[in-house]
Amino acid sequence: MSQSIGDKTLAQELIVSNFMNKEGVQLPTNEEMRADIPTFVEDTYRRFLLRYPTEIEKEFFANFIEARTDLSPELVYYAFAISNEYQFY
């Protein structure tokens, strides 16, 4: 299907977005994410990128999440799912 759409990146983003909003998809709650941000970051890296984050990545994302109270786990997962590194796998 995505082969017939001109902008493959947009098609991919729409597919991921639709999947994230699908009924039954289990995502951590905002409270769960914020209760232990370092563990959330590490688990997210392992889930999507199949590796542990570097110390710089852990610190960056922990600070990023802490500074943005409107950032949800869904948006974090979405960002990882459309990342170039995730697409590589």
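Just name the residue that is nearest to the chain's Cα centre (by Cα) out of those in the range 37-51 that are among the aromatic types (F, W, Y) and within 12 Å of F61 (Cα to Cα). Of everything passing the filter in the range 37-51, Y45 is nearest to the chain's Cα centre (by Cα).
When the range 65-79 is filtered for residues that are within 17 Å of F48 (Cα to Cα) and either of a type in the set (A, V, I, L, M) or assigned to a loop (DSSP other than H, G, I, E, B) (or both), the ones remaining, listed by number, are S72, L75, V76, A79. Just one of (1) modelled with pLDDT of 90 or more; (2) more than 14 Å from the chain's Cα centre (by Cα); (3) loosely packed, with under 12 Cβ neighbours inside 10 Å; (4) not acidic (D, E) fails for R34. It is (3).
Which residue is nearest to E85 (Cα to Cα), if the candidates are limited to the range 35-75 and must be basic (K, R) and touching a Pro at 6+ places or on another chain (Cβ under 9 Å)? Write out each step before concluding.
Within the range 35-75, the subset basic (K, R) is 46-47, 51, 58, 68.
From what's left, touching a Pro at 6+ places or on another chain (Cβ under 9 Å): 46, 58.
On the way: R46: 12, K58: 16 Å.
Among those that are basic (K, R) and touching a Pro at 6+ places or on another chain (Cβ under 9 Å), it is R46.
If the requirement is being surrounded by 14 or more Cβ atoms within 10 Å (Cβ to Cβ), out of contact with any Cys (no Cβ under 6 Å at 6 or more places or on another chain), modelled with pLDDT under 95 and among the hydrophobic types (A, V, I, L, M, F, W, C), which of these qualifies: L75, L14, L49, L10? When all the criteria are applied, what remains is L49.
The values are calculated or read from the model by the stated rules, or taken from the named source; none is laboratory data. Not measured: the values here are computed from a predicted model. Here the Cβ is made from the backbone with ideal geometry for all residues, glycine too, and neighbour counts use every protein chain on show.
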